[in-house]
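A.B. asks: Here it is, the structure in full.
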Amino acid sequence: MALAWITGANGLIGNYILRTSALYAKGWDARGITRPDFDLCEFEAVKRAFTEQKPQLVIHCAALSKSPACQANPLLARKVNIEVTKHLAGLAENIPFLFFSTDLVFDGRAGNYDEAAAVNPLSVYAETKVAAEEFVLGNPNHTVIRTSLNGGTSPTGDRGFNEEMRRAWQAGKTLNLFTDELRSPIPAIITARAVWELVSAQKPGLYHIAGSERMSRWQIGEVMAARWPHLHPKIQPGSLRDYQGAPRAPDASLNCAKAQALLSFPLPGLNDWLAAYPDEAF
Ligand SMILES: NC(=O)C1=CN([C@@H]2O[C@H](COP(=O)(O)OP(=O)(O)OC[C@H]3O[C@@H](n4cnc5c(N)ncnc54)[C@H](OP(=O)(O)O)[C@@H]3O)[C@@H](O)[C@H]2O)C=CC1
Ligand SMILES: Cc1cn([C@H]2C[C@H](O)[C@@H](COP(=O)(O)OP(=O)(O)O[C@H]3O[C@@H](C)C(=O)[C@@H](O)[C@H]3O)O2)c(=O)[nH]c1=O
């Protein structure tokens with residue numbers, strides 16, 4: 001079987017892509033590339049490993065993936081999210097390369113964005129993603145996947161939006177959740193299945209892969225609270241107007257019709273998926 005590198009494999013999405021490879025990617029020998037293997041900013045070490053291992057596919061999930069962290073450390077955000085991506089895409093020039101971008105490349109004024117919509121990043125995180133996308137899409141054999149809030153169980157237990165909420169409630173905190181911020185939340189295990197199907201389709205390019213239901217952060221909080229009543233979850237309605245950080249996109253919901261046309265299954269809405277899998281760890 002041909003070797004596939006999954007960078008960021010200790011993270012939320014990368015770990016699901018790795019874990020589901022036996023199920024959804026039978027032709028691939030998926031190898032997780034994690035920070036303990038090497039720091040992706042050490043370009044010589046990365047090049048040596050790439051030359052020795054000769055992967056035939058790279059799914060690049062590694063990133064500085066939290067908006068606040070990127071806002072606080074723009075240089076590191078650009079190094080990891082742009083320069084690392086450029087280096088890996090360069091090494092993978094002649095093989096399929098898939099890069100993860102975000103719904104936050106949009107300013108959220110319209111919502112229901114398709115792949116033809118104009119980007120307008122409002123944060124450092126989003127700016128780094130736009131710059132990396134442009135480089136990756138310069139290679140017609142490479143792919144950019146824009147996704148929205150992903151949930152699930154991560155190796156560190158704190159990477160999914162659902163995990164962040166659960167930890168806050170376990171600590172007795174009250175979550176102030178925006179009623180006026182809309183996203184397209186998706187279980188990361190669904191993202192992983194869709195990514196493997198895109199790999200099999202061998203149709204590189206730009207794709208949106210996200211949940212089919214547009215939800216506010218408040219609505220997401222309500223469904224999470226209903227799933228864990230034993231945590232006595234406390235939420236209160238909040239507004240973007242009161243947020244002190246970088247400007248936020250009011251409606252970054254994604255239109256995923258282009259990817260959906262290639263998938264063997266319907267991209268679910270979060271509510272429907274949670275109802276269908278009440279016992280799934282989430
Ligand atoms: N999760 C979400 O809701 C969304 C995610 N995305 C994008 O999807 C991709 C995957 O996101 P997600 O899985 O949530 O991210 P995580 O933060 O869960 O995982 C990112 C991984 O990248 C690794 N990493 C970061 N810097 C380096 C480095 N210098 N060398 C080696 N490894 C490094 C981290 O290692 P370590 O564990 O050691 O810190 C971590 O395991 C990212 O590009 C993100 O921007 C886009 C939209 C939504
Ligand atoms: C959702 C939300 C956040 N916040 C605050 C908490 C936090 O400090 C800050 C940033 O929110 P988030 O951490 O959700 O970051 P956000 O900008 O929503 O980005 C998220 O979506 C995509 C892009 C990802 O990559 C995820 O990893 C995650 O970073 O806003 C609220 O006060 N109320 C809310 O309802």
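Values in this text are rule-based calculations from the coordinates and carry no lab data. Because the structure is a prediction, the values reported are computed rather than measured. Heads up, the Cβs are rebuilt from the backbone with ideal geometry, glycines too, and the neighbour counts pull from every protein chain shown.
A.B. asks: Could you name every one of the strands (runs of 3 or more DSSP E) located completely within the range 141-217 that has at least 1 residues being in contact with a helix residue (DSSP H, G or I) (Cβ under 7 Å, 6 or more places away or on another chain) and aromatic (Phe, Trp, Tyr)? Lay out the reasoning, then the answer.
C.D. replies: Working: elements: 142-147, 174-178, 205-209.
Correct list: 174-178, 205-209.
Residue-by-condition table, conditions (1) crowded, with 17+ Cβ neighbours inside 10 Å; (2) more than 14 Å from ligand 1 (Cβ to nearest atom):
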{"position": "Ala188", "(1), (2)": "yes, no"}
{"position": "Ala192", "(1), (2)": "yes, no"}
{"position": "Gly221", "(1), (2)": "yes, yes"}
{"position": "His232", "(1), (2)": "no, yes"}
{"position": "Ala249", "(1), (2)": "yes, no"}
{"position": "Leu254", "(1), (2)": "yes, no"}
{"position": "Ala257", "(1), (2)": "no, yes"}
{"position": "Leu262", "(1), (2)": "no, yes"}
{"position": "Asp279", "(1), (2)": "no, yes"}
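A.B. asks: How about the range 32-83: which of its residues are of a type in the set (Gly, Ala, Ser) and more than 13 Å from ligand 2 (Cβ to nearest atom)? Write out each step before concluding.
C.D. replies: Step one: of the range 32-83, the residues of a type in the set (Gly, Ala, Ser) are 32, 45, 49, 62-63, 65, 67, 69, 72, 77.
Within the range 32-83, Gly32, Ala45, Ala49 qualify.
A.B. asks: Would the range 206-220 turn up any residue that is out of contact with any strand residue (DSSP E or B) (no Cβ under 8 Å at 6 or more places or on another chain) and farther than 30 Å from His142 by Cβ?
C.D. replies: The initial filter retains those residues of the range 206-220 that are out of contact with any strand residue (DSSP E or B) (no Cβ under 8 Å at 6 or more places or on another chain), namely 212-213, 219.
In the following step, the residues that additionally are farther than 30 Å from His142 by Cβ were identified as 219.
Within the range 206-220, one or more residues are out of contact with any strand residue (DSSP E or B) (no Cβ under 8 Å at 6 or more places or on another chain) and farther than 30 Å from His142 by Cβ.
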